[in-house]
Every structure is written in structure tokens, then in C-alpha cells.
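Accompanying notes for the structure given below.
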Amino acid sequence: MKLTPFLLVLPAVGYIVAFSFFPTVDAVYLSFQDPHGGLSLHNYQELTYFNIGGAVLDTVLVTVGALLIQLALGFLVASVLSREFFGKKALSTITIIPMGVATVVAAITFSFIFQTSGGYANTIIHSLFGTNVNWYQTSLSSLIVVMLADSWKNTPIVSLILLAGMSSIPRELYYSAAIDGAGPFRRFVHITLPNLRSFIGVALILRGVQEFNIFALPLILIGDHPPLLTTLVYNLYTTTFPEVGLALAAATVLLGFILVFMGVVIKLTGGRST
Amino acid sequence: MTVELVELVKVYGTKRVLDGVTEKIESGEFFVILGPSGEGKSTLLRIMAGIEKPDKGKIIVDGDDVTNKPPEKRNVAMVFQNYALYPNMTVRENIEFPLKMKGEKKEQIREKVEKVAGLLGISEILDKKVTKISGGQQQRVAIARAIVRNPSYYLLDEPLSNLDARMRTVARGELKRIQKELKGTFIYVTHDQKEALSLADRVAVLHAGKFEQVSKPKELYDYPRTKWVAEFIGDFPMNFVPGEILGERVEEVGFRPEWVNVGKGDLTCSVESVEAVGDSRYLICVFKGYGITILSEEYYDVGDEVRFEITQYRKFKDGRLEE
Amino acid sequence: MKWSYIGAIVVGAYFLFPLYVLFLLAFNSPTFTILARYPALLPISLTLNNLVVSLQGSAFIDPLIKSLETATLVGVITLILAVPAGYGLSRLPRTVAYPILVLLLVTNMMPAIVIGIPIAVEFIKLHLFESVVGLALAQTLITLPLATFILQGTFSSIPQDLENQARVDGAGLLRRLFSILLPIAAPGIAAAFLISWMFSWDEFTYAILLIPFHSTLPVTIYSDVTRGNLLAGVAFSLVFTLPVIVLTFALQKYLRGEYLAGGIKG
């Protein structure tokens, strides 16, 4: 009788294994195949001509930057929403709207806000200071635009997770800390942060992996100036198709970084709580 | 119908929850399984329902071995502790459900449901959602759903535990009346000894995976077969003192708090604390270095010396009753 | 109290401004939006003309239908797999169910761009390239773990004793499923369907890899914008966004952090 639940779970697990694990393994395997069918590092050597190092660096930069922005904003939103005030309901509604806006749409909207010349952000800056900012002047500024757009779209998820964590902390802890003389900052450092450890971990894993995979946003906002790992994979794929070895080598690098990242985050946050 | 439990064993991990339970439950009997929480009462009931399988042993119903039959093929009725009413259905649909599963005719179902509803006084709420009725009404619906068909036996898992104390007493009386009317074999699990003693034709005390004693309520109270049962049954545990104190050549003697006359006799004890129950009070005293509880009509204060005599007692050896 | 309001205003402005820009782009006359070097920050000349012009003709209808077909198909495939899985997991011991859920979650994190390329290569051989069915099969990878989580939670909240009661009352597995379990789980099932629908509706990576030419709305919007067809892109964006915002509010209960967090903490 205990067999039935297993049999019911099997199709879903089989589906995932067939469509997810198998292609992943396939991708890694094919990335090591050279044009003559032998196994070699050929594709990876080739990758160096496409500035793979720069793509890796920029990807890590975007991931870390976007995570920091989202955590900071997420904390701001969550701590505002964890208080009672008039209009709380309206604000909490506003803060989840971006979840409902497709990534493509968010990217296009931000491309109208930040332009090389003009655009909505420059309208404000121009009317205040009379100058114009080229938001895409340097690689770094381009990446910051990507981070901002991405954070707009994804902070809601982070703040939802943090809010859930905050509401699980007993109020009494704060009261007794306040009585013991701890101010708001100390209460945050000594009560909120340690108690939110596993929630921050969840937010970091969920978002971090998605940051590495960030694709539509940079593709639309900055194309490949500079390329991230995902946009590099895509460009290699479209330019060399049906030869996919080169694209898959870049994809394998991306996969490696994701696995390392997951390992680090789990070690840092989940290791002790579970 | 008769239900025979033969050497039932159930092991969870390293714990032998049931360790050879054997008993024959007679047709039309109100059989109560009593025991503290976590002693496997519910497991035993679930095995009788077919929800769980025993690791060893057999269940025989009217001569048929049903051990390996799934619940849907056993024709048993069961009332769960939380009533397990189908929340997506009305009261009527809930009561109809087992009849529909048997494929009975529409008019017949309707007739039976109305009759049972009348018997339990829930005719008024038949078309309400079960989530919209009170706890007491839910309990009646659960019982109605169990008795609407004609099962081999009825299993009840603490069905009154979610009611408040007053409703529980009323429901107890009703349940007993219904059982007599149906002449059904009721197997009822509870940890509440008052409930067990007032409902049962026979009570089985489950302890350490076995039926430690199976007997009529009165006998269970007056002649507990083991020291454990003696301490478990009763508002206060039976008092135990070494036999020699009462001049008996036996290891231990036991007596209930009410088997004494206070104010007479030549035994004395000093009062440690007093517990008032209704008109009378239980005096918790020290008697020759042993803690005992005795029932008194008179008022005594902490520290008083009390004279008493023991009117009856039982002899125990190695924790078992000596005949 | 004062800090709450300042915080609330900052947060509210950050989240609302891009939406406001999208609104201006869609309804302000192009002279004040895409044609202006410094676009107007106020709704000076509202018009429906942008929308009317862009939404006429097959340029919009074809991708819209593709998106609708794909999303609905994804919802259906997901439910077919996730309803039994969610039920099964809810009835398995925690020690068995937990690793399976983690497995599902980890695969959910495999990058679409990595998986998508080998799948594209296979799909060309199987004639599933450029097809709605192929895309739906791939997108189900994203929705299946999430839907399984939701349904595992839904079925876990149905007491085991309710099902035991149904068995005692004489109901076999199928009867239990259709008379008891599915009706009670209906809200969770609906949520799983709508969330799957919504994820598919938004999905971009698999769509551009597997249907690059006559694609769903997100990819069409992308190509419109890269080809300089800005007004169409914006108009499509708006139409495309509205149902998702509505769904987001309808499903607010299921998009909670506890849920996402609970998934990992077990």
C-alpha cells in the first residue's frame, strides 16, 4: 500500500530527470567534444578569444551587486511593512506589483528610463542640473543599470521572504532588548540578523542562482556591451549554430559558478540550522 | 458480530507498541480499550479498521480472517477523534457517503439518512455545510455516518474528547443508548477512565503493548489484577503499604481512599495536604512513612493527626493481585 | 512613526516610478515620449492611438495566441504531473519526501540557457523545434517543481484521517481522489495552474532558444524593440503585463515568502 505514493511521485521526478539532468549532463559532455569528435579542452581554449574571463568577472559583479541592492532594499521594505501604519495595505500591494511585470517589460521600461542620451532619468537630471548623463558610458555603469532594473523586478521576492522571517521573531525579544538598553541599530544587529539567518540564506540561494542566470534584462538593456556569461552563451549559440560546443563550454562555466555559489551559501547559512 | 484479536504485534522502529494483544470481543458488546496516551490504543484501533497492518497476528471477524483486507473491504464503521467529516460536503452528503459507496438505491439512502438524523436530533441541519455547524453537532454527524449503515463492528477513537465536559456526559449517555438500540459491537478507545467505566460492558486496560486486564468496570475497580492497573484506575491511585504494617504476611496490601473510616480505629496518619472534591475531601497523609490518600467527610487541616481504620484491602505480591 | 512614513514613501516611489513610465509610454503621444530627447514626466497629451495602431493585425495576434496556447498547455501538463506528485509526497514519510523536494528545487535552479541548448538540438531532430508543444514541455521544467511544492502543501493540509475515513466508508483510491481529495484541494490546484500559466506567460529564455522565429509575446516584444519598432513593443508590453498583475494579486496568498522559505527549510 505504501507503494502507491511512490508510483505517483515517479512521473514528475522522471520528467525532471529526463528533461533537466540528462540535458545538463549532455551539455557538459558536448562542451568537451572537439570538432573531430574526440574529447579535449578545445572549446575552452577557444573561449579565451571571447574574453570569457571578463564575462565571468562581470557576471560575478552583477550577481553580488544585485544581491546587495536587493537585500538592502528588501530589509528596508520588510522593516517598513513589519510596522503598523496607515496605508500599510496599499504599500504592501505596491511592493509586489513588480513581481507581476514580465522581465522583458521591465527591461524595456528601464531602457526608456536610462538612455545614452536623454530618457526619463535624464529628464529629471536635466531639469535639476542642466546636464545629460550617458548611463552606458562605461562597462560598470552599464552593469549598474542592469542591477537596478533587476532589483526593481526582484526585490519583492526578497522582501516577502525577509518579512516572513521577521514576523516569526517573537516581539518579546525586542521588548526585552529595548529594556536592556539596546537601541534600534543594536536590536537589528543582535536580534533581527541572527534570527533571520536561514531566511537570508533562502533569499540568497533563490535570488543568487537567478542572478547568475540573468538573461533577458542584460540582453535587452546592454546587448553584449559588456557580455555576461548568459548573453555570451546566447551570442555564441546564435552565431555558431548548429555547432553548439563553444556555447556549451561557456554554459558549463556558468553551471560551475552556480554550483559553487549554492555550495557556499548553503555552507554559510544552512549548515547549522538544519 | 464477534471480533477476535490473535497475538497482534506492531513495532515502530525499536518500540513494540503492541506486543501480543489477544482477546475475543463478543457480538453486541460495548468494549472499551483504556490506556494512557502513547500506549498504542489508536494503533490497535487502526489495525482493526485495516488502516494499518499488524506485523504479526490475526484479526478474525465471525470466523473470517480479515487481517489482510483493506478498510474499504471490511465493512467497518469508524468515528475518528477529530470526526473526519468531509468538509466539501453537507451534513446529508456526509451521512450518505458510505451508503453510496455500497451502491444502495436513492430512496433507500434517503430513508436511512432521515431516520438516523431523527435518532440523533440533527434533522434540522441536514443541508448545512459541515464546516458551519457546532462541535457537538459535528460529533453527532460523525456518529450518524457510522451508524447509518450496518457494519460488522463499530470503531470509535476518543470521539468525545473534543467536547466540553458537560456535553461529554450527555453524549456518553446517548452513545450507550444508541449502542443498545443497534445491538452493535462497539469498540471504543479512550484514555478517560471515567468514560471507560461508565460506558463499557467490559474494559481492556492496554499497558506495555498488552491487555493487562480485561474485565467488567466494577471488577476492574475493586479487583485490579496488577499494581499498575490499581494505580491507573481511580481518581486517586490505590494506596500501597507493606503487608506487615497491617499484620498481613504478604508483600504489599492495597486499599482505595474510600475503603477507610476516618475518625475511628487505631491507625493514625498526619495530613500533608487536602484536596476538596464536592462535599468530601481527600486527605493526603503520611502513614508510617508511606504517602497515602484517604477519603473523609470531616474537615481536617494540614498538620492534623487523623485516626482511621481500613475496611477492606487487597493483597499483592510481585505487583500482582493475590487471589 | 515618522520613519515608517519616510520609508514608505521612498519604497513606494521606487516601485511605482517604472510603472508610471510604462503608462506614459503607452498613453502619451509619441512626440512627448520616444521621439523626445527629454520625455515629459507628466501625462500631457493622452491618447489611445498608440495602442490602437499597434494592436491591429497579425503582428500582435499571432504571438498572443502562441503565448496563450503555450501557457495553457504548460498549466495542463504541470497539473497532470504535479497533482499526483504533490499527493504522493504528502503521503510519504518526511525523510523520503524531503530529499525528493530538494531534488526538484535544485533542478529548478539549473540554468535554462544551459539546458535549453541541448534540448534545442534534440528538438530539431524530433520536429519539436519552433513548436508550442516543445516549448511547453521545456517550460514545464520551471513550473513543475513550484506546482509540486504548492500541491504537496495543499494535500498535506488534508488530514490523513479524512482519507482513512473515506476508506473505512468503502471508497477505493479513485473514489477518494475524485469525491474527497480533489474537491478539497481545488483552491490549491487552481493556484498551481494559474502560477504555472503565469510563469509560462513571462518566460523568455526557453522561448527564444526553442521558438526563435515565430515566437510568444515576450520574444516578439524583444525583437520589436531591437528592430526599432518601439511603439509596438511598448503597447504589447502593456497588454501583456495587465493579466499578470491581476493574477499576481489573485494569487498573493500563494506567492508568500513563508511558502518559498518553507520549501527549503522542509
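Helix content alone sets the calculated 222 nm mean residue ellipticity of chain B: runs of n ≥ 4 DSSP H residues at -39500 (n - 2.57) each, divided across all residues, give -8000 deg cm²/dmol. The charge dipole of the protein assembly as shown, taken about its Cα centre with unit charges on the Cβ atoms of Lys, Arg (+1), Asp and Glu (-1) only, comes to about 1140 debye.
Sorting B:Met89, B:Met48 by the number of Cβ atoms found within 10 Å of their own Cβ, with the fewest placed first, yields B:Met89, B:Met48. From helices alone, chain A scores -22500 deg cm²/dmol at 222 nm; the rule is -39500 (n - 2.57) for each run of n ≥ 4 DSSP H residues, then divide by the residue total.
Per-residue shielding of C:34-41, expressed as the average number of other chain Cβ atoms within 10 Å of the residue Cβ, stands at 5. In terms of distances greater than 31 angstrom between alpha carbons, the cross-link table entries B:Lys180/B:Lys317; B:Lys100/B:Lys210; B:Lys176/B:Lys315; B:Lys132/B:Lys218; B:Lys53/B:Lys132; B:Lys15/B:Lys227 yield B:Lys180/B:Lys317; B:Lys100/B:Lys210; B:Lys176/B:Lys315; B:Lys132/B:Lys218; B:Lys53/B:Lys132.
The convex hull of the Cα atoms of the protein assembly as shown, projected and averaged over all directions, covers 49.5 nm². Of all DSSP-defined beta bridges confined to the protein assembly as shown, some 75% are antiparallel rather than parallel. Placing R0 at 30 angstrom, the Cβ-Cβ distance between B:Glu322 and B:Asp64 gives a FRET efficiency of 0.15 after rounding to 0.05.
Once every Cα of the range A:25-268 carries one equal point scatterer and solvent is ignored, give the base-10 log of I(q)/I(0) from the Debye formula at q = 0.12, 0.17 Å⁻¹, two decimals. One equal scatterer on each Cα of the range A:25-268 leads to -0.82, -1.24.
Among A:Tyr234, B:Tyr154, sorting on how many other beta-carbon atoms sit within 10 Å of each Cβ, with the fewest leading, yields B:Tyr154, A:Tyr234. Stokes-Einstein, applied to the Kirkwood radius of the range B:236-321 over Cα pairs at a viscosity of 1.002 mPa s and 20 °C, places its translational diffusion at 165 µm² s⁻¹.
Once C-alpha pairs closer than 8 Å and six or more residues apart are averaged by separation and normalised to the residue number of chain C, the relative contact order reads 27 percent. Diffusion coefficient (Stokes-Einstein, Kirkwood radius over C-alpha pairs, 37 °C, 0.692 mPa s) for the range A:12-71: 229 µm²/s, rounded to a whole number.
With the cut-off at 1.5 for a/c, could you classify the range C:1-126 from its C-alpha gyration tensor as rounded, prolate or oblate? Note, shape of the range C:1-126 comes out oblate.
Per residue, the Cα convex hull of the range B:217-281 amounts to 123 Å³. A dipole drawn for the range B:17-98 from +1 and -1 charges on Cβ atoms has a positive end, and of B:Ile51, B:Val21, B:Ser37 the residue lying farthest that way is B:Ile51.
Result for chain C in a Gaussian network model with C-alpha springs under 10 Å: among C:Gly228, C:Gly88, C:Gly170, the largest mean-square fluctuation is at C:Gly170. Rounded to the nearest whole Hz, the Karplus-based 3J(HN,Hα) values (6.51 cos²θ - 1.76 cosθ + 1.60, θ = phi - 60°) of the range B:218-235 follow the sequence 4, 5, 4, 6, 7, 10, x, 7, 10, 4, 4, 5, 4, 7, 6, 8, x, 4, with x at glycine and proline.
By the equivalent-ellipsoid construction on the alpha carbon gyration tensor, the range B:176-323 comes out with semi-axes of 32, 19, 12 Å, ordered largest to smallest.
Cβ-to-Cβ counts within 10 Å put A:Val244, B:Val141, A:Val189 in ascending order as A:Val189, A:Val244, B:Val141, the fewest first.
Before anything else, pin down the relative contact order of chain A: Cα pairs under 8 Å, at least 6 apart, normalised by residue count, whole percent. Relative CO of chain A lands at 27 percent. Would you mind classifying the range B:1-150 by shape? Square roots of the alpha carbon gyration tensor eigenvalues, ordered a ≥ b ≥ c; an a/c under 1.5 is rounded, otherwise it is prolate if a/b is larger than b/c and oblate if not. It comes out prolate by the Cα gyration axes. In percent, rounded to a whole number, the relative contact order of the range C:62-143 is 58, using alpha-carbon pairs under 8 Å and six or more apart. Sorted into 5 angstrom bins from 0, the C-alpha pair distances of the range C:57-265 split as 1, 7, 14, 16, 17, 14, 12, 8, 5, 3, 1, 1, 0, 0 percent. Across the range A:66-81, computed HN-Hα scalar couplings (Karplus, 6.51 cos²θ - 1.76 cosθ + 1.60, θ = phi - 60°) run 5, 5, 4, 4, 5, 5, 4, 5, x, 5, 4, 4, 5, 6, 5, 6 Hz from first to last residue, x flagging Gly and Pro. At the listed q of 0.28 Å⁻¹, the Debye profile of the range C:129-196, built from one uniform point per Cα, gives log10 I(q)/I(0) equal to -1.13. Taking one quarter of the surface of the convex hull spanned by the alpha-carbon atoms of the range A:39-133 gives a direction-averaged projected area of 10.8 nm².
Placing unit charges on the Cβ atoms only, positive for Lys and Arg and negative for Asp and Glu, gives the range B:236-321 a dipole magnitude near 440 debye about its Cα centre.
Across all directions, the average projected area of the convex hull around the alpha carbons of chain B is 19.6 nm². Considering only A:Leu196, A:Gly181, A:Phe257, the residue lying farthest towards the positive end of the dipole of the range A:25-268 is A:Gly181, judged by Cα position with unit charges set on Cβ.
A short reminder: the numbers here are calculations on the coordinates, not readings from a lab. Source: prediction; values computed, not measured. Cβ sites come from the backbone with ideal geometry, for glycine too, and all protein chains shown count toward neighbours.
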